[in-house]
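What follows draws every value from the coordinates through simple rules; no lab data is involved. It should be emphasised that the depicted structure is a prediction, and the values quoted were computed from it without experimental measurement. Cβ sites come from the backbone with ideal geometry, for glycine too, and all protein chains shown count toward neighbours.
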Amino acid sequence: MSRKGAKSRTHGRKLRSTGTKARTRVGRVREPHAAQAKILAEAQAATSEVLRIIASSPGALQPVFQVILRNATRICEAKFANLALVEGRELRVVAMYGAPRAFEDLRRREPAIPIGNSPMGRLFETKRMIHLPDLAATQPFASSAVAKLAGAVNHDGPLGAC
């Protein structure tokens, strides 16, 4: 920026300083966009991987489910994931990724989960997103054997509780 039209040296410096501040503000605005772009890139890479698996194993669902769960676990920074299909008033677990051994064993013995009066039941009934800040503290999940086997709660209550 030139100092043309500035009446003093100080005024000229102030004009340059304002321009620097504006560039800094623009940089701050771009930061959230960079995070969104990273998430979008991860989602696109995950989608490409799923499509490659589908193309290489036509008709085989298990490899596709594993890739979906592996990517979901990574993107969501989760410890493990499982995929269930709705069958009547039950959920049947059809794939798991990274689940604790005890949880996997239970789901193999009892793959069907009654929907009932639970967060999944509310989701199933309303067909709307529900927000659970702490699933481990939500009843009836918190007191269930599944929650303990999945590692969501310890014997003293939800993990992380004081």
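Per-residue packing, averaged as other Cβ atoms within 10 Å, sorts the ranges 45-56, 123-134 into the order 45-56, 123-134, beginning with the highest. Given a Förster distance of 30 Å, report the FRET efficiency between ASP134 and HIS33 from their Cβ-Cβ distance, rounded to the nearest 0.05. Result of the calculation: an efficiency of 0.50. With distances taken between every two different alpha-carbon atoms, the range 47-162 has a Kirkwood hydrodynamic radius of 15.6 Å. In this structure, THR47 and GLU125 have a Cβ-Cβ separation that, at R0 = 30 Å, corresponds to a calculated FRET efficiency of about 0.50. Straight-line cross-link partners of LYS148 among the aspartates and glutamates, defined as a Cα under 18 Å from its Cα and at least 8 positions apart when in the same chain: GLU104, ASP105, GLU110, ASP134, ASP156. Sorting the segments 102-108, 82-88 by their mean number of nearby beta carbons within 10 angstrom, highest to lowest, gives 102-108, 82-88.
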